[in-house]
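Let me begin by presenting the structure, written as C-alpha cells, before commenting on it.
The values are calculated or read from the model by the stated rules, or taken from the named source; none is laboratory data. Computed from a predicted model, the values in this text were never measured in an experiment. Reconstructed Cβ throughout: ideal geometry from the backbone, glycine too, with neighbour counts over all protein chains shown. For the accessible areas, the whole protein counts, side chains as well, though only heavy atoms, and no ligand, DNA or RNA atoms are used. Shrake-Rupley method; radii C 1.70, N 1.55, O 1.52, S 1.80 Å.
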Amino acid sequence: MINPSSSTIHVRAARKTDAAAITQINIAAWRAAYAGVMPTDFLTSMSYEDKLNNWHHALTDPGHGRYRVCEFNQEVCGFAVYGPARDKDLAGDGRAGELVAINIKPDCWSQGLGKAMLRYVIDEAQATPWSSLYLWVIHSNTRARGLYESFGFEHEGKSQYNDKLCNRPLQEVRYAKRLNNDL
C-alpha cells in the first residue's frame, strides 16, 4: 500500500523505453476496471505483444497526442494520453482538447496517482488554446466518473455505444470541463 505522504509522485513525458511498463499497466487496469463489464474472454485474451507493439508505435510517432507517465518512487505506475479533441463536433476550431485515457496500476488505486495524473493533464491543458477538455467514459465505470466529477468534469448529455473497445457495444458518456486559460 502506498503512503503518498512518505512517497514521491512525479508526472513526466513518456519515453519509448516506457512502452513495456505502459503495456503492463494498460492490460492490468482494463482487466480490473472492466471485469463484469467487458467479456471475460476478451479481457483474458488481451495480447501483451500486440499492445506492446501499439505502444511502441504510439510513443515513436505520437502525432498530436501527448503521452505522460506517473512515477511513484521512480517506478512507472500510471499513464495518461490526451491531445486535440477528435469528435467532429469539437475538432473544427482547435479550441477543445480530449483526455483519451488515464490508467493506473490496480495495486496503486486509491493512493492519489489518478488525481495527480488528472491534475497534471488539466494544468497542461490550461496552457493551450483549448477552452474545454472533453473525455468519453464507459457509463458503468463509476470509479472513473467519480474522479472526473471531483475535478469539475460534467456529463454534457452526449452518449454513444462503442463496439470498438471489446467487440461488444458499451455505452459511453461524454464529459466536459471548461478551462480557465488566458489564451
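Quick rundown of the values:
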item	result
Search result, residues across region 71-115 that are within 23 Å of Gly146 (Cα to Cα), open to solvent by 80 Å² or more (accessible area, probe 1.4 Å) and polar (S, T, N, Q)	Ser110
Strands (runs of 3 or more DSSP E) completely within region 66-183 that count 1 or more residues being in contact (Cβ under 8 Å) with a residue 60 or more places away in the chain	66-72, 75-84, 96-104, 132-138, 170-178
